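The values are calculated or read from the model by the stated rules, or taken from the named source; none is laboratory data. Source: prediction; values computed, not measured. FYI the Cβ positions are ideal-geometry reconstructions off the backbone, even for glycines, and counts take in every protein chain you see.
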Amino acid sequence: MKKILCSSDICNVFRPLFCDFIEHHEEMWVLYVNKANKCLGVSKISQGGIDGTVTDVKIILQGAIKHSFSCIFFSPNSRRSDRNKFKFFIL
């Protein structure tokens, strides 16, 4: 399991998911982390259309409880943003 020490570690987890992304739809991915800051898993939680995707919070929390999370990071594959910049959110 990869340990998350800084924001660049989070980007390094998400980067392989988006680096060659040529699909024409939006997706939302979640990274689950435990109290030791170790990555417990990455999951695609939604896939939408050209302009966006709907994310159900219950799906995120269900996975988090199942994995005994301490922190959740989630990131969209937004096609509108710069490919070299990653945005992620902390829950």
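Scanning region 1-26 for residues that are in contact with a helix residue (DSSP H, G or I) (Cβ under 8 Å, 6 or more places away or on another chain) and assigned to a loop (DSSP other than H, G, I, E, B), which turns out modelled with the highest pLDDT? Explain how you work it out, then say what you get.
Pass one, region 1-26, residues in contact with a helix residue (DSSP H, G or I) (Cβ under 8 Å, 6 or more places away or on another chain): 2-4.
Within this subset, residues satisfying the condition of being assigned to a loop (DSSP other than H, G, I, E, B) are 2, 4.
Numbers: Lys2: 83, Ile4: 91.
Residue satisfying both the conditions and the ranking: Ile4.
Does region 51-78 hold any residues that are modelled with pLDDT under 80 and more than 13 Å from Met28 (Cβ to Cβ), and which are they?
Correct list: Asp51, His67, Ser68.
Please go through region 35-56 and give me each residue that is part of a loop (DSSP other than H, G, I, E, B), of a type in the set (S, T, N, Q) and in contact with a Ser or Thr (Cβ under 6 Å, 6 or more places away or on another chain), ordered by number. Quick ask: steps written out before the conclusion?
Taking region 35-56 as the starting set, the residues that turn out to be part of a loop (DSSP other than H, G, I, E, B) are 35-37, 48-56.
Cutting the leftovers down to of a type in the set (S, T, N, Q) gives us 37, 53, 55.
Matches in region 35-56: Thr53, Thr55.
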